[in-house]
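Chemist: Quick one: structure below, then a few questions.
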Amino acid sequence: MAQVQLNNIGKTYPNGFEALHPTSFEIAEGEFTVLVGPSGCGKSTLLRMVAGLEDITSGELQIAGRVVNNVEPAERDIAMVFQNYALYPHMTVRKNIGYGLKNRGTSKQAIAQKVDEAAALLNLGDYLDRKPSQLSGGQRQRVAMGRAIVRDPALFLFDEPLSNLDAKLRNQMRIEIKALQRRLGVTSIYVTHDQVEAMTMADRIIVMNAGRIEQIGTPSEVYHNPASTFVAAFMGAPPMNLFPAKVTDGQVMLGDQPLCAAPAQGAVTAGIRPEDFTLDATGPLSMDVQIIEELGAHRLLHGTLGAHSVTVHVSNDISAATGLQRLSVRPDAVCLFNATDGKRL
Amino acid sequence: MKRAGFTTVSLPVLLLLPQLVIIAVFFYWPTVVALQSSFYLQDPFGFGSTFVGLQNYIDLFGSREYRRIASFTVVFSLLVTFFSLAIALVLAVKADKVLRGARTYRTLLMWVYAVAPPVAGFIAVIMFNQSWGPLTEFFGFFGHDYMVGVNFNDTAFSMILASVWKQVPVNFIFFLSGLQSIPRSVREAALIDNRSASGRFWDVTFPLLAPTGFFLLIINITYSLFDTFGIVDIVVKGEPGNNPMTLVYKVYVDGFRGNDLGGSSAQSVILMVLVLALTIFQFRLIDRRIHYT
Ligand SMILES: Nc1ncnc2c1ncn2[C@@H]1O[C@H](COP(=O)(O)OP(=O)(O)OP(=O)(O)O)[C@@H](O)[C@H]1O
Ligand SMILES: [Mg+2]
């Protein structure tokens, strides 16, 4: 059963700006869905409409089988974790976590028990009587999580919850959040502009661009079969290499070298992931390597291929040098896109 | 760490001098003079003075009239403070909801702030004019013959109304900016946690407004005690007689009308002690209690 269902949900702000074009998708029960896209593409707008913090301009929203378009946020059976945590500064950690329960008529005893459980789960036991101002960023983040999980809602919403943390803590919390979600099995929508977070945490990724959905798929689908040049360039670090190419005699030609069989005629865009190239003395392509980036386990070679810049990923057991190198590509690793609208062919 | 500093003492003293002189001439000197003359009985016609020790204070506390005016001042201050704060808070909460209109709303309310207290008092006098004041007519509908300056309660009501009206805008501005400085996400978190709007107000908004509210409480008490002088003066029209007045106004009446400089000075010393106590209370509490970040 779909836990969350959007039917042609659209959003136009009062100033006339259409932040979200009508959009439909479903999220299955227990699924961890990540909304990813560049800044300003409408991720928060979409999430906030699901939360009820923003009016829905058009379409129908269902949560757990109930249409909630006109239902107050507090009645939607959701919990949300905000980017800046949004803790109540005048309440202790214990009160912060218990506040939502208190307003739902839970008994004092039950609240105390649930708060203690959540605190134990999140290692917050020692901080229950502190105010948020006396906590570190990571601890505040945990309190915000605690406030969400005690409620045992039908849906978790996260709006860039890790973006205020340093890189190390972010990696750690990423794993903790994912593990927690697995354990609790609560359907989740997680907004981020960090494609690494999206790839590592998601059961399913929704890639957004300028108020539209570009692609919905598992991390592997989105990575290996991008639906558009936008997705190809957005997902992956470094992103997919994109080359303008021509089709002649049923072959896609990069410069004067055939890459793979062509499904269409005319101009196309060929996309190749950096790791799909191999250094091969007998390869057909010739790359001029200008910079070698050492990343420990592997290396990135930056340079040009014909007139286009290119990045190639090689493992560190392969020796590499600047200057001309020959490359080969498996034909099935090439993704072809329409040269005009960027859609996958 | 290296600290920038003055090598001589004379330069900083020189730089501070204008401020120090102003404080000394306009604050400390009058204070000392008031303190001093409160121990003397001044001849009403300016022919010297006699040292009487604490007699002025003893007379004051023994005076039924002084006690009556003191209790009126307490009631007056409490009412003015309460209504100025409460009305401003309600208006600010409403204005905060319609953020878009808030600017016009704010400007309109701010205008009243620019009105000088005597003018506020004068407007009140016009509103309550015996023969054609609109509010007098309004009360007339209910069969009440409203008489400012004659009927004690009517006069007191006019004073309170004008004082509240004058103070609401300042409070409104502070409350509104206090409300707007509450992070949006905190209110949104409350929106998800609590379905009742009044519950959210008392549990989240009000506590977060407390620092502003407390600051305003002190400001308003001070205002109602001291800054309402101009309003009282105009409403009473210099005819104290049987009319209500505040302690500050009595200092003026006794000192400049009654030429009892000694007694008047003793009264102002008492008021100074009151202000001192309020200030200490304010700093104590602000340090202790109401601080979150
Ligand atoms: N209240 C509003 N009125 C008008 N336009 C708005 C409003 N809020 C957001 N927008 C616009 O809607 C678009 C989407 O905003 P949104 O906050 O959803 O972006 P986002 O994808 O969450 O970006 P980020 O990653 O920076 O948080 C932006 O172009 C923004 O300028
Ligand atoms: Mg956002």
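The values are calculated or read from the model by the stated rules, or taken from the named source; none is laboratory data. These figures come from a predicted structure and were not determined experimentally. Positions of Cβ are backbone-derived with ideal geometry, glycine not excepted, and every protein chain shown enters the neighbour counts. Heads up: the accessible areas ignore ligands, DNA and RNA and are worked out on the full protein's heavy atoms, side chains in. Shrake-Rupley method; radii C 1.70, N 1.55, O 1.52, S 1.80 Å.
Chemist: At a probe size of 1.4 Å, how large is the accessible area of B:LEU11, to the nearest 10 Å²?
Modeler: 80 Å²
Chemist: May I ask you to list the aspartates and glutamates whose Cα is less than 14 Å away from that of A:LYS246, ignoring any residue fewer than eight positions away on the same chain?
Modeler: Result set, ordered by chain and number: A:ASP256.
Chemist: I want to verify a result. In a Gaussian network model of chain B, Cα cutoff 10 Å, which of these has the top mean-square fluctuation: B:VAL93, B:VAL170, B:VAL186?
Modeler: B:VAL186
Chemist: Using a Förster distance of 60 angstrom, determine the FRET efficiency expected from the C-beta separation of B:ASN129 and A:LYS102, and round it to 0.05.
Modeler: On the way: r = 55 Å, r/R0 = 0.91.
Given R0 = 60 Å and the Cβ-Cβ separation, E is 0.65.
Chemist: For region A:268-281, in order, what is each residue's ³J(HN,Hα) by Karplus, 6.51 cos²θ - 1.76 cosθ + 1.60 with θ = phi - 60°, in whole Hz (x at glycine and Pro)?
Modeler: So the Karplus estimates, Gly and Pro as x, are 9, 10, 9, x, 9, 5, x, 7, 8, 7, 10, 6, 8, 4 Hz.
Chemist: Roughly how many whole Å is it from the C-alpha centroid of region A:233-285 to that of region B:258-283?
Modeler: The distance from the Cα centre of region A:233-285 to that of region B:258-283 comes to 89 Å.
Chemist: Note down the accessible area of A:CYS335, probe 1.4 Å, to the nearest 10 Å².
Modeler: 10 Å²
Chemist: Something else about it: Could you compute how much accessible surface A:HIS193 exposes when probed at 1.4 Å, giving the result in Å² to the nearest 10?
Modeler: Using a 1.4 Å probe on the heavy atoms, I get roughly 100 Å².
Chemist: Could you name the aspartates and glutamates in cross-link range of B:LYS250, using Cα to Cα under 13 Å and dropping any fewer than eight places away on the same chain?
Modeler: Of all the aspartates and glutamates, those that pass the test against B:LYS250 - Cα under 13 Å, at least 8 places apart if same chain - are B:GLU65, B:ASP233, B:GLU239, B:ASP260.
Chemist: For chain A, modelled as a Gaussian network with Cα springs under 10 Å, which listed residue fluctuates most, A:HIS224, A:HIS90, A:HIS313?
Modeler: Looking only at A:HIS224, A:HIS90, A:HIS313, the biggest GNM fluctuation is shown by A:HIS90.
Chemist: Now, a different point. Projecting each Cα onto the charge dipole of the protein assembly as shown (Lys/Arg +1, Asp/Glu -1 at the beta carbon, about the Cα centre), which of A:GLN172, A:SER136, A:TYR13 comes out farthest on the positive side?
Modeler: A:SER136
Chemist: Follow-up. Could you tell me which of the pairs A:LYS95/B:LYS94; A:LYS108/A:LYS178; B:LYS94/B:LYS166; A:LYS11/A:LYS343; A:LYS11/B:LYS94 are separated by over 21 angstrom between their Cα atoms in the structure shown?
Modeler: Numbers: A:LYS95/B:LYS94 28 Å; A:LYS108/A:LYS178 30 Å; B:LYS94/B:LYS166 19 Å; A:LYS11/A:LYS343 24 Å; A:LYS11/B:LYS94 26 Å.
Violating the 21 Å Cα-Cα cut-off are A:LYS95/B:LYS94; A:LYS108/A:LYS178; A:LYS11/A:LYS343; A:LYS11/B:LYS94.
Chemist: Counting only helical runs of four or more DSSP H residues, what would the 222 nm mean residue ellipticity of the protein assembly as shown come to if each run contributes -39,500 (n - 2.57) and the total is spread over all its residues?
Modeler: Numbers: 22 runs with 281 residues, N = 638.
Only helices count here, giving -14000 deg cm²/dmol.
Chemist: Note down the nm distance, to one decimal, between modelled labels 7 Å out along Cα→Cβ at A:ALA120 and at B:ALA277.
Modeler: Distance between label points: 5.4 nm.
Chemist: Here is a further query. Report the paramagnetic label zone for A:ARG212: residues of region A:324-345 whose backbone N is under 12 Å from a point 7 Å from Cα along the Cα-to-Cβ axis.
Modeler: Only A:341-344 fall inside the zone, counting backbone N under 12 Å.
Chemist: Of A:PRO73, A:PRO14, A:PRO239, which has the largest mean-square fluctuation in a 10 Å C-alpha GNM of chain A?
Modeler: Largest GNM mean-square fluctuation: A:PRO14.
Chemist: When we measure straight from the Cα of A:LYS102, which lysines land under 20 angstrom away, once same-chain ones fewer than 8 places off are left out?
Modeler: A:LYS114, A:LYS131
Chemist: May I ask you to derive the relative contact order of chain A, considering only C-alpha pairs under 8 Å and at least 6 residues apart, and to give it as an integer percent? Walk me through the numbers on the way to the answer.
Modeler: Numbers: 702 pairs, mean separation 53.4, N = 345.
That works out to 15 percent.
Chemist: For chain A, give the magnitude of the charge dipole about the Cα centre (Cβ charges: +1 Lys/Arg, -1 Asp/Glu; no others), in debye to the nearest 20. Display every interim value, and only then the final one.
Modeler: Numbers: 32 positive and 35 negative charges, 257 e Å.
In total the dipole reaches around 1240 debye.
Chemist: Considering Cα pairs under 8 angstrom that are at least six residues apart, work out the relative contact order of chain B and quote it in whole percent. Kindly include the intermediate steps, with their values, before the conclusion.
Modeler: Values: 301 pairs, mean separation 81.2, N = 293.
Once divided by the residue count of chain B, the mean separation gives 28 percent.
Chemist: Something else: Place +1 on the Cβ of every Lys and Arg and -1 on the Cβ of every Asp and Glu in region B:63-292, take the dipole about the Cα centre, and give the residue among B:THR136, B:PHE72, B:LEU285 whose Cα lies farthest towards its positive end.
Modeler: So the residue furthest toward the plus end is B:LEU285.
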